[in-house]
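Notes follow once the structure below has been shown.
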Amino acid sequence: MSVQMKKVFVSLVFNLVLVFAIVTGAHAYSGIIAFGDSLSDNGVADGVGFVRMSDGPVWVDYLAQDYGLTESYINFAFSGATSYYNNPVGGAYNPALANTGLLSQVQMIGAIDGNALVSVWAGGNDMLNYASNPELYNPVLAAGRVGQAIEVLVEKGARNFIVPNLSYNYIDDPATAYWMQVFNLSLSQVLLGLDEIDGLNIYGIDLTNLWYTDLDLTDTITGAGSIIGPDGLPYANYDSVHPSSAAHRQIANYVKAQVPEPASIILLLIGFAGLAGVGRRIK
């Protein structure tokens, strides 16, 4: 082996050792914090929330498990919450829950570690309540309020965001489907604007492909508690508007595949640097 090739070999080994040290020593995200409605609410087990509308863990529960962050995971989501300050469903059940909408939730937390992963998923209850107050629950305004909530969290220190849109393959009402389309388009524009802020990592999750084509479950609406379809697969739906826990598991998988961990980003950068260095040596 020539002296030049030996140097190349040593350089490759060094880069591999460095990468291994980073991957094994780095702790990706410092925690997971969730805000939103019943699509994220895991009940009152952590002292915050209303009720879990599924037959098991919700997607953000699974995500915390996958990242090994169950001890640094808190869920501020409230079932029934709108993107505004209010929660019509929660308020009807308990007046103390009347003001647990998204914009209220983001005021419940103090400073946020910049290494935390923050999920913001809201808009579904604005869609369902639209007929009762079209002005308040306008889809463009709802998307803007999601952006407003993110801005509040940025001021508190948050830097890494997961922001799913809305997608339900069992909505057959044209007006509701149109509301959802306008909301999703508006949300994507809001996130593009926020992405201009230096230092932010915003992962907008388009659930359309998952919910319409890739969900590996029985695609049938079912009543709460009846979770196995005639083909032996779990139902995708817990009830007429909420995913089953099996669907939440697949949502978590889908999200995780699109949200790189900080160690992965560092690994990629080091890999490029190492390859560039090797390339210079070979020349």
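The values are calculated or read from the model by the stated rules, or taken from the named source; none is laboratory data. Since the structure is predicted, the reported quantities are computational estimates derived from the model, not experimental observations. Note that each Cβ is placed from the backbone with ideal geometry, even for glycine, and that neighbours are counted across all protein chains shown. Accessible surface areas use protein heavy atoms only, side chains included; no ligands, DNA or RNA. Shrake-Rupley method; radii C 1.70, N 1.55, O 1.52, S 1.80 Å.
For Asn209, are the conditions met, namely being modelled with pLDDT under 90, within 24 Å of Ala142 (Cα to Cα) and of a type outside the set (Asp, Glu)? Spell out the reasoning first.
On the way: modelled with pLDDT under 90: yes; within 24 Å of Ala142 (Cα to Cα): yes; of a type outside the set (Asp, Glu): yes.
In short, yes.
Restricting Val44, Val60, Val51, Val89 to those that are closer than 27 Å to Ile221 by Cα, open to solvent by 10 Å² or more (accessible area, probe 1.4 Å) and part of a helix (DSSP H, G or I) reduces the list to Val89. Exactly one residue out of Gly147, Gly199, Gly204 is touching a helix residue (DSSP H, G or I) at 6+ places or on another chain (Cβ under 6 Å) and closer than 16 Å to Leu117 by Cβ, and it is Gly204. Within segment 235-249, the set of residues being modelled with pLDDT under 90 and surrounded by fewer than 21 Cβ atoms within 10 Å (Cβ to Cβ) comprises Asp239, Ser240, Val241. So, of the residues in segment 92-138 that are within 22 Å of Gly47 (Cα to Cα) and among the aromatic types (Phe, Trp, Tyr), which turns out to be surrounded by the most Cβ atoms within 10 Å (Cβ to Cβ)? Checking each candidate, the answer is Trp121. Has segment 256-264 got any residue that is hydrophobic (A, V, I, L, M, F, W, C) and either at pLDDT below 85 or in contact with an Asp or Glu (Cβ under 7 Å, 6 or more places away or on another chain) (or both)? Yes - at least one qualifying residue is present in segment 256-264. Contact map, segment 53-77: first residue within 17 Å of Asp37 (Cβ to Cβ), second residue surrounded by fewer than 18 Cβ atoms within 10 Å (Cβ to Cβ) and charged (D, E, K, R), Cβ cut-off under 6 Å, separation 6 or more or different chains; pairs are Ile74/Asp46; Asn75/Asp46. A single member of Leu187, Leu192 is open to solvent by less than 30 Å² (accessible area, probe 1.4 Å) and part of a helix (DSSP H, G or I), and it is Leu187. Against the numbered list (1) open to solvent by 10 Å² or more (accessible area, probe 1.4 Å); (2) touching a helix residue (DSSP H, G or I) at 6+ places or on another chain (Cβ under 7 Å); (3) at pLDDT 95 or above, Leu141 comes up short only at (2).
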